[in-house]
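The values are calculated or read from the model by the stated rules, or taken from the named source; none is laboratory data. The structure displayed is predicted, hence computed values, not measured ones. Every residue, glycine among them, receives a Cβ derived from its backbone with ideal geometry; neighbour counts consider all protein chains shown.
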Amino acid sequence: MADLPRPTGRTALVTGANRGIGFAVATGLAGSGARLLLGARDPERGAADVERLRGQVRSRAGCGRSRRD
């Protein structure tokens, strides 16, 4: 993965980002500076997944806040 360009400033659409591989991919992209779009059938569950993802990215980065666009 070291050979891949950083996604900073790019937008990625991740489907299935609330579980498994999709969540891992979304976490990695967000932690690398990408702006994410997550698809969800249920808006409330989607909002909860976004918060869970933000918490995961914050804990990996070791900081207490995230950037909101």
**Study point:** segment 1-21, residues that are buried (at least 16 other Cβ atoms within 10 Å of the Cβ) and farther than 18 Å from GLU51 by Cβ
**Key:** PRO7, ALA12
Check your understanding: Which condition does GLY33 not pass, out of (1) at negative phi; (2) at pLDDT 85 or above, if it passes all the others?
Key -> (1)
Practice item. Return only the number of the condition from (1) more than 17 Å from ARG60 (Cα to Cα); (2) surrounded by 12 or more Cβ atoms within 10 Å (Cβ to Cβ) that ALA24 does not satisfy. Key: (1)
**Study point:** Residues satisfying the stated conditions in segment 35-54, i.e. surrounded by 18 or more Cβ atoms within 10 Å (Cβ to Cβ) and outside any strand (DSSP E or B)
**Key:** ASP49, LEU53
Exercise for review: Determine the pairs where a residue that is within 14 Å of VAL25 (Cα to Cα) and among the polar types (S, T, N, Q), located within segment 43-61, has a partner that is surrounded by 11 or more Cβ atoms within 10 Å (Cβ to Cβ) and modelled with pLDDT of 85 or more with Cβ atoms under 6 Å apart, the partner being 6 or more residues away or on another chain.
Suggested key: GLN56/THR27
